[in-house]
Amino acid sequence: MRKIVHYSLIVCILLIQVIIAIFFYNEFVNEKKLKFIENQLKESRSLEGLTENSRKDFRDAQISLQKYMISQDDKDLKSYFASLRKLNNNFDKINEYENVNPGFKNNLGLQKKDTVKVTTFKTLIDSVYQFSMNLPAKVEEKPFELTKFKNNFENLEIKTETYADTIKKKGLMGRLKDAISGKVNVQKESTVITMTNNKAADLSHIKSEMNDAMKSMEKHYTEEVKKIQLSTARKQQNNMQFYNNFNKLLVYSNGLIDVYDNGIKSFKSGLEKELEKQNSINNKIRTYLVLGLMTLMFIVSILIMYFTRIAFIYEWKLNAANKQIKQNLNFKNRILGMLSHELRSPLKIINIFIDKITRATTDETIKDYLKSIKFTNSTLLIQSNQILEYTKNQEAGKKLVNNIFNLKDEINAIATAITPYIETRNNKFVVTDDIPADTVVYSDNIKMNQIFMNILGNANKFTENGQIDLKLSTERISGNRIALTAVVKDTGVGISESDVEKIFEPYYQGIVSDEIDNVGAGLGLNLCKEIVELFDGKISVSSKLHEGTQVTFRINLNTSNNGITN
């Protein structure tokens, strides 16, 4: 289950990293969107302030126009245009924001599509201002003078009094409405004539004269009233045309304020909805991420707890196994030590009998065989001693035990000892020895013996009715060091290319023919490689299937002069 647990933990960790990445993306990218929307909302509130200022400026323009219509004072007219220009500046600021914000532009475009397309507001203001420079001609009102009539009323005392009624004052919009509808309310005057007779008169005659006088006066005043009515009508018509432009400008500006106000409110409403939506998205992402993170952490905790429990169980089993292994190793070392100790005495006795037989015989062939037997027996005795030493100290086999010996004689002894073994399989053993006879070295002859025995033994094992060649040469690499190069070549079954790559691995045997008996455990070449590396050397194998094998190794040895090691 270990692989499943490990892969599950890796997947959970990767998912946690993905969640953290999404969290950072949400916090940085989506928060930026949120701040952008909030900034736009602040700007929309500023635009609302501009529309409020525009309404204030509109009211100021309205009041100034009313004052001007009453007072005809140029200051009021200038105040009217100043308020309209402030209003235009507000519109320009809104238009500037419209040009840089496509969303606001679209909302404002929807509001503008139903409005009348005319020239810009500033052009209208300038146009009306130029028109205001041409005031309508004032109708001069001649003062009314009573006409004196010739009469014969010397004895009459005449008093004339004129009374004017009061008309209720109306505002600008009321007067404009009356002007457009044609309603005209003018101030009415009444004249009262009082006559007092100072002496007796002929009443019938006076009455006749009075009638003539009244008719004459009525005719005169009727003509004067008509003149006044005509003059007033002309004046009202001119004023209506003059003030109609101002009124249209106010109406248009009021419409523009409504357009901008509705556009800004629509834009703000959309931003508020977008802000709410973005906030909702961000909160949902945070919620899902936290839930996902909690779930994954729970899974990780369960896996870790499970893996810890399994680990504790296997640790207990491992400790028990280690204890058993230690007991087995102690038993093995005890057996090995006992066997190596018990083998030493028989091997020593064998050497004693070999020496006695050698002294007792004169046959040189038998003596050569006895030398080979003694060499092999001595090698076994040395190996037995090493096994006994190894049972005491396991690191003993990983270092060289140096002795002074003649290199050529040592290798000749090895070749002599192994020749009878090679001849048992009808193989020819050819040795080419280029080592100088006086080469004395200070090195480990036992481990060198192991290298040759293993390699030559393998060559003989996989060769029958063939030939095994051993070539030896030395090379001085420094003042007190030489390199021994040995090449062992056979004509045996060979090794496949796939097996050559793994030939030095422990317990590796490769594909072996059924004709080969006693292939061994596959430790020989691995042991040779370890020993060669102790000599700071190198070993290599080249082979072709059914064409034989060549093993080459090179080891470095210290030289010795007259028994003094360098």
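Would you mind checking which residues have amide H under 5 Å from residue 544's amide H? H placed 1.01 Å from N; only 5 or more apart, or other chain.
495
Please work out the Cα center distance from the stretch 32-76 to the stretch 412-466, rounded to the nearest Å.
The distance from the Cα centre of the stretch 32-76 to that of the stretch 412-466 comes to 114 Å.
Using the structure shown, list the pairs from 323/348; 326/461; 332/447; 32/86 with a Cα-Cα distance above 29 Å, or answer none.
Details: 323/348 38 Å; 326/461 36 Å; 332/447 23 Å; 32/86 36 Å.
Flagged as over cut-off: 323/348; 326/461; 32/86.
Where Lys and Arg each count +1 and Asp and Glu each count -1, what net charge lies around residue 54 among other residues with Cβ under 13 Å from its Cβ? Write down the numbers at each step before the final one.
Working: positive: 55, 56, 59, 85, 86, 93; negative: 48, 52, 57, 60, 92, 258, 261.
Around residue 54, the charge tally is -1.
May I ask you to derive the FRET efficiency for residue 544 and residue 421 from their Cβ-Cβ distance with R0 = 41 Å, giving the value to the nearest 0.05? All intermediate terms of the calculation are to be shown ahead of the outcome.
Details: r = 25 Å, r/R0 = 0.62.
For R0 = 41 Å, the calculated efficiency reads 0.95.
Using 1/(1 + (r/R0)^6) with R0 = 25 angstrom and r between the beta carbons of residue 358 and residue 437, what's the FRET efficiency to the nearest 0.05?
E(calc), rounded to 0.05, equals 0.55.
Keeping every protein chain in place, order 59, 2, 344 by accessible area at 1.4 Å, biggest value first, i.e. largest first. All intermediate terms of the calculation are to be shown ahead of the outcome.
Working: 59 125, 2 160, 344 65 Å².
From most exposed to least exposed: 2, 59, 344.
May I ask you to compute the full-extension gain from residue 159 to residue 319, defined as 0.36 nm times their residue separation minus their alpha-carbon distance, rounded to one decimal in nm?
42.9 nm
I want the local charge near residue 500. Using Cβ-Cβ distances under 14 Å, sum +1 for each Lys or Arg and -1 for each Asp or Glu among the other residues.
Numbers: positive: 502, 529, 544; negative: 497, 499, 501, 505, 547.
Charge balance near residue 500 sits at -2.
What is the set of long-range amide H partners of residue 560 at a cut-off below 5 Å, with H atoms built 1.01 Å from backbone N?
The list, which skips near neighbours in sequence, is 440, 441, 442.
So what does the Cα-only Debye profile of the stretch 259-392 read at q = 0.12, 0.17, 0.18 Å⁻¹, as log10 I(q)/I(0), no solvent term?
-0.79, -1.00, -1.03
Summing +1 for each Lys or Arg and -1 for each Asp or Glu, what net charge is found among the other residues whose Cβ lies under 13 Å from the Cβ of residue 468?
Details: positive: 425, 428, 461, 471, 489; negative: 423, 464, 469, 490.
Around residue 468, the charge tally is +1.
Grab the beta carbon distance between residue 498 and residue 342, set R0 = 41 Å, and tell me the FRET efficiency rounded to 0.05.
Details: r = 43 Å, r/R0 = 1.06.
After rounding to 0.05, the efficiency reads 0.40.
For a label point 7 angstrom out from the Cα of residue 17 toward its Cβ, which stretches of the stretch 284-305 have the backbone nitrogen within less than 20 Å?
Hits in the stretch 284-305 for residue 17 at 20 Å: 289-290, 292-301, 303-304.
Test of understanding: what is the full-extension gain from residue 366 to residue 467, defined as 0.36 nm times their sequence separation minus their Cα-Cα distance? If you can, show how the numbers build up before the last one.
On the way: separation 101, 0.36 × 101 = 36.36 nm, distance 2.47 nm.
That pair, residue 366 and residue 467, stretches by 33.9 nm at full extension.
The values are calculated or read from the model by the stated rules, or taken from the named source; none is laboratory data. Owing to the predicted nature of the structure, the values given are computational and were not obtained by experimental measurement. Positions of Cβ are backbone-derived with ideal geometry, glycine not excepted, and every protein chain shown enters the neighbour counts. Just so you know, the surface numbers come from the protein's heavy atoms only, side chains and all, with ligands and any DNA or RNA stripped out. Shrake-Rupley method; radii C 1.70, N 1.55, O 1.52, S 1.80 Å.
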